[in-house]
Amino acid sequence: MSAPFAVGIDLGTTHSALAFSPLLAAAEHAVTVLEIEQLVSAGTVDKKPLLPSFLYFAHESEPRLALPWDETRSFAVGEFARSRGAEAPQRVISSSKSWLSYGGVDRRAGILPLNAAPDIERISPVEAAFRVLDHLNEAFRAAHQGEHDLSGQEVVLTVPASFDAGARDLTVEAALAAGFEQVTLLEEPQAALYAWIEQHGEAWRSHLRAGDRVLVVDIGGGTTDFSLIDAVEQNGALELQRVAVGDHILLGGDNMDLALAHVVGQELAAAGKELDRFQLGALAHACRAGKERLFSDASLEQVAVVLPSRGSQLLGGSIRGELRREQVERYLLDGFFPRVAASELPKQRPRAGLTQVGLPYASDPAITKHLAAFLARHAFGPATSTLDTRPPTAILFNGGVLKAAGLRARLLETLNGWLSERAAPDVRVLPGEDLDLAVARGAAYYGLVRHGRGLRIRGGTARAYYVGIESPAPALPGLEPPVEALCVAPFGMEEGSHAALPADELFVVVGEPVTFRFFGSSTRRSDTVGTRLERFRPDELEELPAIELTLPPAGRSAGEVVAVQLQASVTAIGTLKLEAIAKAPVVPDERWQIELNVRHGATSGA
Amino acid sequence: MGPRFGCLASSALWIDYPIVDCAAMMVRSVSLLERLWLSWVCWFRVLFDARFAARVAELRSGSPAPELPSAPHPTAEATTGAASPAALIERARANGALQLLTLFQREGRLLDFLEQDIVSFADAEIGAAARLVHEGCRRALHAHARVAPVRHEAEGSALTLEQANGDVKLVGNVSGSAPYRGVLRHRGWRIEGLRLPQVVGSVDHRLVAPAELEL
């Protein structure tokens, strides 16, 4: 039986959302955002369109964190988890998605919460993602009176465009664990563009013309993502093609709120009002609200920021500060969105030798510099026969941060400045709506598109992938043997396609795991399968967690050396599959799958 | 916002019901036949359900104010998970007033504000606190209630009322018969919809804010 609904899920770093549309209704589709039932405070459940992607583990002193469908639950996902997490930080998991994409740790190992209280059993980033998805499934089932759950639906799950093959795999692993039987991955910036198309109906074609290049800027709570999508004429019809994606940048709205909180906090401290951790958290909240008011009302010069006392005496104990326009402009606009030259690239702070286990946060907060670096590679650089570097002609904003008009204006102004230096016209702004929910809506719409209703963005894999091959060389003390990179999957491989290595053979010993170094590149768009790079710049190829192949002894004798050929394919789900195919098979179609996310944490990643 | 982009919340979730007469609801009379049946059912549940028994014991000793149920209605409790919408509405009604106070306290510190003696404080300080209470309580109010003016005309403008109805209170020189001509002094407010969070598990609704102990 075919699935009744197309479901889009935005599994976000700070918030998740779900939208759905009936698949069978004949003519008019209707994308609806699910109001997600969740615990909002101890003992009360409410429905909200956004589910904060936080996980809270109850302490023995607390009652059960009951939900309408489970009275005995001892953990919570959503609003309550977030607010309670501020009060008991050792019991909460936040930003689990950033951990999911960080190859420096074993993402199937119980590592979260990072500084967990001793009575908490830590869980893995994959399980944290599973629990958020599982909650969405339960809420969907409850909203449909138990008649439908997500296992039977066509689920489109969005991931940052910058997620590498391993992180995409782990996301699917979490979705399968949650029981989703038909799941497909979609890049978030593409989902945002789908939402824009769905919102405009057929009229979108009058906004975009062949030759247009859309820059999608997606700034969420925790991450920033850039993509370029081209409108091209294909057989007389307009088609969209995603041509470039940026690196994974761990920088977002939460950083901005914290920055403002520190500014106001320092002012309060100078006036003799010391804040504790709780008040600093409340201050970040107050600053977010203050920032939004200042951006939405140009006549305001400052807004009052009042921190309630922690005791029951509200008067006398509360602290009053203010957030001034000049501060917001200096620290937010000039700190995160400085007017910079197109040639100015983000500073890389050298990492300290011994760092605590932690996420690789972006060391330069200037989003405009990250954008400059992205455009320098994909839009402003020298064009080659295979690399089309044209400046963008249109821009689509996405992510809650960009609800602030002042931030959008600054980004636009900076970008248009760069364009005019190149004698290129200003970009047109594609008006998006509801920047918090667009990704989920767009993903649900993509589910419909897969059924032939509407236009599909072509793109394929966002990177080229390489395995590292150590060249035979005499051992020299202190010198690492040189590594060649062999392209196994080119940029832009489409779903369902294969790429077999032409000639190269690898030899694998049966029963013994073989580990390969693994690399990805978002810039080498013209390499084909089999391209061998004898040398490469570190900024061209990014080393990913190692991959591993173990030939099971079945059918062969242990210790036997087998010649294999590598083959990459992109599954219907949208994940990358690497296989080793026996050159001299002993059974028909003898092949083994290469593990992308090696279970033991043997990767250094740094 | 066309129907294509509609949110479930805007229509389906708002429970539009008249404001109930709480006094009538609190003391519902139970017929002899109903009581017979109830005692029979309870005899078994007291015997086999320890939690239920504990609550009955509490009720009998009269320790928590019996007119304010501290736990969900027992019959609704028995069928949680698949509680009927009617039972859920019933639950929400019984504790609605306390829930609202909880919300206003949590979001806007209303009880803290009302319970503090503000006589000795300067207006500036009261103003700062009022901002906080206003912002939080307003957010809570708008998240849970749809508030609309009864009359949309500007206050101070002349208004002719063709017929007397409960929506408009006549003040001043109240005499004569319709149509009534006068000046609109207050536009009035009406709660067009009230949506309170659902309560799950056994929660003491009277606990509007728990005490806090920092470890």
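Rounded to the nearest 0.05, the FRET efficiency derived from the C-beta distance between residue B:178 and residue A:239 at R0 = 56 Å is 0.25.
With neighbour counts taken as other beta-carbon atoms within 10 Å, the residues A:487, B:137, A:287 rank, fewest first, as B:137, A:487, A:287. Quick one: if the Förster radius is 41 Å, what FRET efficiency do residue A:451 and residue A:359 give, using the C-beta to C-beta distance and rounding to 0.05? Efficiency, from the Cβ-Cβ distance: 0.60. Inter-label distance, residue A:554 to residue A:72: 3.7 nm, where each label sits 7 Å from its Cα along the C-beta direction.
Here the extension length gained between residue A:512 and residue A:388 equals 40.3 nm, from 0.36 nm per residue of separation less the Cα-Cα distance. Would region A:484-606 count as rounded, prolate or oblate if I go by the C-alpha gyration tensor, calling it rounded below 1.5 in a/c and otherwise prolate when a/b exceeds b/c, oblate otherwise? Taking the square roots of the gyration eigenvalues as a ≥ b ≥ c, region A:484-606 is prolate.
Taking R0 as 45 Å, what FRET efficiency do you get between residue A:176 and residue A:271 from their Cβ-Cβ distance, rounded to the nearest 0.05? Between residue A:176 and residue A:271 the formula returns 0.25. With the simple model of a label 7 Å out from the Cα in the direction of the Cβ, residue A:426 to residue A:526 spans 3.5 nm.
In straight-distance terms, cross-link reach from residue A:291 covers every one of the lysines whose alpha-carbon lies under 21 Å from its own, apart from those fewer than eight places away in the same chain; here that gives A:403. Between residue A:300 and residue A:210, the contour length at 0.36 nm per residue exceeds the Cα-Cα span by 28.1 nm. Both numbers refer to the Cα atoms of region A:357-444; Rg and Dmax are 15.2, 46 Å.
Cα centroid separation, region A:175-253 to region A:81-130: 29 Å. In chain A, the longest principal axis of the Cα atoms and the axis of helix A:405-421 are about 50 degrees apart. Going by neighbour counts of Cβ atoms within 10 Å, the residues A:36, A:111 line up, fewest first, as A:111, A:36.
Rounded to the nearest whole angstrom, the semi-axes of the ellipsoid equivalent to chain A, taken from the Cα gyration tensor as √(5λ), stand at 39, 30, 27, largest first. Distance between the modelled labels on residue A:278 and residue B:119, one decimal in nanometres: 2.9 nm (7 Å Cα→Cβ projection).
Values in this text are rule-based calculations from the coordinates and carry no lab data. This is a predicted model, so every value here is computed, not measured. In this analysis, Cβ positions are derived from the backbone assuming ideal geometry, glycine residues included, and neighbour counts consider all displayed protein chains.
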